[in-house]
There are 2 protein chains.
Amino acid sequence: MVKEINTSIVMDTIIRYHSISRARISEITGLNKGTVSSLVSELIIQHLVFETGAGESSGGRKPVMLQFNGDAGYVIGIDLGVNYVLTILTNLQGMIICEHQEDIIGLNSQEIIPLLVRSIGIISSQAPSSPYGIVGIGIGVPGMVNAEGTVLFAPNLGWTHVDLRAAIQLNYSEMPIFVDNEANMGAIGEKQYGLGKEVANLIYISVGVGIGAGIILRNEVFRGTGGYSGETGHMTIDANGRLCRCGNRGCWELYASEQALTDMGKSIQLDGTIGTLESYVASAEKGQGSVIEAFEKIGHYLGIGVANIMNIFNPDLIIIGNRLAKAERWLSRPLQETVDQRALPIQRQSAAVQFSSLSSHSTALGASFMAVSAFLQKSTSRSL
Amino acid sequence: MVKEINTSIVMDTIIRYHSISRARISEITGLNKGTVSSLVSELIIQHLVFETGAGESSGGRKPVMLQFNGDAGYVIGIDLGVNYVLTILTNLQGMIICEHQEDIIGLNSQEIIPLLVRSIGIISSQAPSSPYGIVGIGIGVPGMVNAEGTVLFAPNLGWTHVDLRAAIQLNYSEMPIFVDNEANMGAIGEKQYGLGKEVANLIYISVGVGIGAGIILRNEVFRGTGGYSGETGHMTIDANGRLCRCGNRGCWELYASEQALTDMGKSIQLDGTIGTLESYVASAEKGQGSVIEAFEKIGHYLGIGVANIMNIFNPDLIIIGNRLAKAERWLSRPLQETVDQRALPIQRQSAAVQFSSLSSHSTALGASFMAVSAFLQKSTSRSL
DNA sequence: TTTACTTAGTTTAGCCACTGTACAAACTAA
DNA sequence: TTAGTTTGTACAGTGGCTAAACTAAGTAAA
């Protein structure tokens, strides 16, 4: 049991420092040199770590540098969006090997699940050969997911109670499969591979048709008691505001989501195109004032909710992700201004607000990391 | 290190089960009988555990029952309120031995600190003799406190940057002293000794002059990056609402706190008394409709914020505490109705909203528990 | 070169705290 | 009584750690 913990510590240290000697690991972790040596040799036998040759001497014998073998295996990450499926293959370090995207507009769950299985098949076949092969699959879904991987409610997909994990498991019986909310996966993605690498507390705000949040506190996802935390889109920001389909009034997502944009757009004369987010972005880029104003209004309302979240959580970082992050150019300034006006001074001084750095891959990368994490945990524990 | 962990596990098991045999501990924890025996004998030497005699046989030798020695030492818990100081002495099980209260209306920090020291002295002298004596002091403060025990900002006391821990430490140099926000302490109190014993995620909402929240997630207080989490009072619930002194508009505490009551009270004809919370409660008890209406309005607005918190955290339990809990009778129904209307169905099904069960002792008890917790941790670890 | 000094990594002996097994003590029930 | 249970202790064995010695491989200055 102690060995398990120490193996994890050594593994994490190697991954974090990218290239490191046994002696440095011993220094950093406080573990004895002998202990480190023996643990490392087991990791090498497991193909999880390899020696890259001699490093720079600092006045004595040259160290043998160690690296994490990111290509010991591969994982699949899936971002099941409202109208697309993005499937990626990454190695254990989150390097994207290949990706595959398909539209799912108008499809129901009976049609989407086979499509997911097909996508997994296509992507799997492109994995380079490796000691462990494909070691897991992660899936981010735009809805509430329970601990068993059942999608309880995904309004924008029209799903209720779809046992997604079991459905995929039918085709890949031995494969570890992780299903979670798209915002949680996005938060994990940003924490591991994006802007959140150095912070312990971050909130990833997924602004798409609605708004959801992935909450990472003390370096771990906080899912709440039933797994339904982060329903920030239905936070009241206007007590006497418009009625939301959830039954509440003045929900944040009525004022600051893609749906809000569409509502505003009805009164905007577009240059002939349909009112998709992409068309609005295109119009804004052409300088259409009414569209830019709409974005700025949404940025302002985003700021109100972001300030609330800052006041409640006192996080290191708030990241705006998902579809509306594409309009960063017009959202950013009004958002920041509103936060500066509305959040408590001590909060806005210590917390940063940024837009996703992984473009549209946050969720898929987070999903793939779930699988990586589980694989490494299993690998370092079973080396008994 | 393993021993430390196991000692803690044994200790926790004894505390939880109140009266238990070595054999049962071994069963429950999975530790070997011999291991449990040796750890228990050390705890007995330390006076932390004692044998209470034979228990009921279940067909064989009678077990020797063990109990946690709650009277191995005592701790002091202080609730520094806006206009009172409540000091309590408890044993290690949170049993209140004696208490002492003083008014501090109109006093500044230079006057309050000596008063705190005096109160500690008065209470200390009443502690029964015990193996360890007074083992720690906890203080809950109505303001932001950093990790060093400095009160950064306590608007209702008029304090900025008062190094409270250091000031008390001057008089009790070797004593462990814990200073934290009053809402965090209240949350801890409810978690340990009140309504939250069985739950992992609870939010304690302290409704006094303003509103603050103590957040317990996965059985631990979440304090945020700088220690400033839980500033829920400044959550916007009305985007275009009234201006708050914090600079924001439509802050929750403008509509749902003692301050809100006072504001409303200006237009209420009271029966000759001044507008304190107590006088409003008295009027409501006499059946004065306008006061009851005011309470109901506050209950409604409390519900809006509570629904927000439910949607964001998906907790097991939300507890309403501090001064306004005294008006439970009139707040409760409108609060629950609003939550039922506004929180997502799945949230309100799984989370309960209750009023504090420890009457006005939540904060002081939480403060005392901080000291208990630190003492037990130290005791079980230094038995090397 | 040679020599002295560093630093890296392995080996070995010893130790700590756990587990498993055996056993004594103390009880119940037939 | 006698057989069978349950509790708690004793003791040997083991896993995994640390400390220290040692080998290996370098640098720097005489």
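The values are calculated or read from the model by the stated rules, or taken from the named source; none is laboratory data. In this text, all values refer to a predicted model and were calculated from it rather than measured experimentally. When we count neighbours, we look across all protein chains shown, and the Cβ atoms used for this are built from the backbone with ideal geometry, even at glycine. Quick note on the areas: whole protein, heavy atoms, side chains included, nothing else; ligands and nucleic acids left out. Shrake-Rupley method; radii C 1.70, N 1.55, O 1.52, S 1.80 Å.
Taking chain A as a Gaussian network of alpha-carbon nodes connected by springs under 10 Å, the highest mean-square fluctuation of the residues A:Leu202, A:Leu31, A:Leu365 belongs to A:Leu31.
Taking chymotrypsin sites (Phe, Trp or Tyr not before Pro) across the stretch A:313-373, none is in a DSSP loop with at most 16 further Cβ atoms lying within 10 angstrom of its Cβ. Measuring with a 1.4 angstrom probe and ignoring ligands and nucleic acids, B:Ser373 comes out at about 40 Å² accessible. In the context of the full set of protein chains, residues of chain A present 41 Å² of accessible surface per residue (probe radius 1.4 Å, heavy atoms only). The Cβ shell under 10 Å around A:Thr236 holds other residues with a net charge of 0, Lys and Arg each +1, Asp and Glu each -1. Rounded to the nearest Hz, the phi-derived 3J(HN,Hα) couplings of the stretch A:147-157 under the Karplus curve 6.51 cos²θ - 1.76 cosθ + 1.60 (θ = phi - 60°) are 5, 8, x, 8, 7, 6, 7, 10, x, 7, 9, where x marks glycine and proline. Near the amide H of B:Phe222, within less than 5 Å, lie the amide hydrogens of B:Ile215, B:Ile216, B:Leu217, all on another chain or at least 5 residues away, with H placed in the peptide plane.
Dipole orientation for the stretch A:30-149: of the candidates A:Pro142, A:Ile104, A:Ser37, A:Ser37 has the Cα lying most toward the positive pole (charges on Cβ; Lys, Arg +1; Asp, Glu -1). Full extension of the segment from B:Lys286 to B:Lys378, taken as 0.36 nm per residue of separation minus the current Cα-Cα distance, would add 27.9 nm. Rounded to the nearest 10 degrees, the angle from helix A:109-124 to the longest Cα principal axis of chain A is 40 degrees.
Protein heavy-atom surface of chain B, 1.4 angstrom probe: 50% of the accessible area is carbon and sulfur, with nucleic acids and ligands not counted. Its relative contact order, with pairs defined as Cα atoms under 8 Å and 6+ residues apart, puts the stretch B:1-131 at 17 percent. Seen from a random direction on average, the alpha-carbon convex hull of the protein assembly as shown projects onto 39.4 square nanometres.
In nanometres and ascending order, the distances from the A:Glu56 label point to those of the other copies are 7.2 (point 7 Å from Cα along Cα→Cβ). Counting pairs of Cα atoms in the stretch B:2-68, how many percent are more than 21 Å apart? That fraction is 14 percent.
Chain A packed on chain B takes about 3900 Å² of accessible surface away from a 1.4 Å probe, both sides summed.
Distances between placed amide hydrogens fall under 5 Å for A:Val353 paired with A:Ile318, all partners being 5 or more residues away or on another chain. Would you please classify the overall shape of the stretch A:97-192 from the alpha carbon gyration tensor, given that a ≥ b ≥ c denote the square roots of the eigenvalues, rounded means a/c under 1.5, and beyond that prolate means a/b larger than b/c while oblate covers the rest? Here the stretch A:97-192 falls in the prolate category.
Between copies, A:Asn171 shows label-point distances of 7.1 nm, shortest first, with the point placed 7 angstrom from Cα along Cα to C-beta. For the stretch B:97-166 and the stretch A:305-384, what is the centre-to-centre distance using only Cα atoms, to the nearest Å? Spelled out, the Cα-based centre of one part sits 38 Å from the other.
Short to long, the 10 Å bins of the Cα pair-distance histogram for chain A hold 5, 22, 29, 24, 14, 6, 1, 0 percent of all pairs.
Charge tally for B:Leu115 (other residues, Cβ to Cβ under 12 Å; Lys, Arg +1; Asp, Glu -1): -2. Equivalent-ellipsoid semi-axes for the stretch B:65-107 (Cα gyration tensor, √(5λ), whole Å, largest first): 30, 7, 6.
The Cα atoms of the stretch A:195-357 define a convex hull whose projected area, averaged across directions, is 9.9 nm². Scanning residues 5 or more positions from A:Ile20 or on other chains, those with amide H under 5 Å from its amide H are A:Leu66, with H placed 1.01 Å from N in the peptide plane. Computed over chain A, relative contact order equals 17 percent, with contacts defined as Cα pairs under 8 Å that lie 6+ residues apart. Inter-copy label distances for B:Ser109: 5.7 nm (label point placed 7 Å from Cα along Cα→Cβ; shortest first). Considering only A:Gln288, A:Gln347, A:Gln93, give the residue with the highest GNM mean-square fluctuation for chain A, with springs between Cα atoms whenever their separation is below 10 Å. Between A:Gln288, A:Gln347, A:Gln93, it is A:Gln288 that shows the largest mean-square fluctuation.
Here the 3J(HN,Hα) profile of the stretch A:356-366, calculated from phi with Karplus coefficients 6.51, -1.76 and 1.60 at θ = phi - 60°, is 3, 9, 9, 6, 9, 9, 3, 5, 5, 5, x Hz, Gly and Pro shown as x.
In terms of its C-alpha gyration tensor, the stretch A:303-351 comes out prolate, because a/c is 1.5 or above and the ratio a/b outweighs b/c.
Residues in the stretch B:309-326 carry Karplus couplings, in order, of 5, 4, 5, 7, 9, 6, x, 7, 8, 10, 10, 8, x, 6, 3, 5, 4, 5 Hz; the curve used is 6.51 cos²θ - 1.76 cosθ + 1.60 with θ = phi - 60°, and Gly or Pro positions show x. Taking GluC sites (Glu not before Pro) as exposed when DSSP calls them loop and at most 16 other C-beta atoms lie within 10 angstrom, chain B has its longest site-free stretch at B:199-384.
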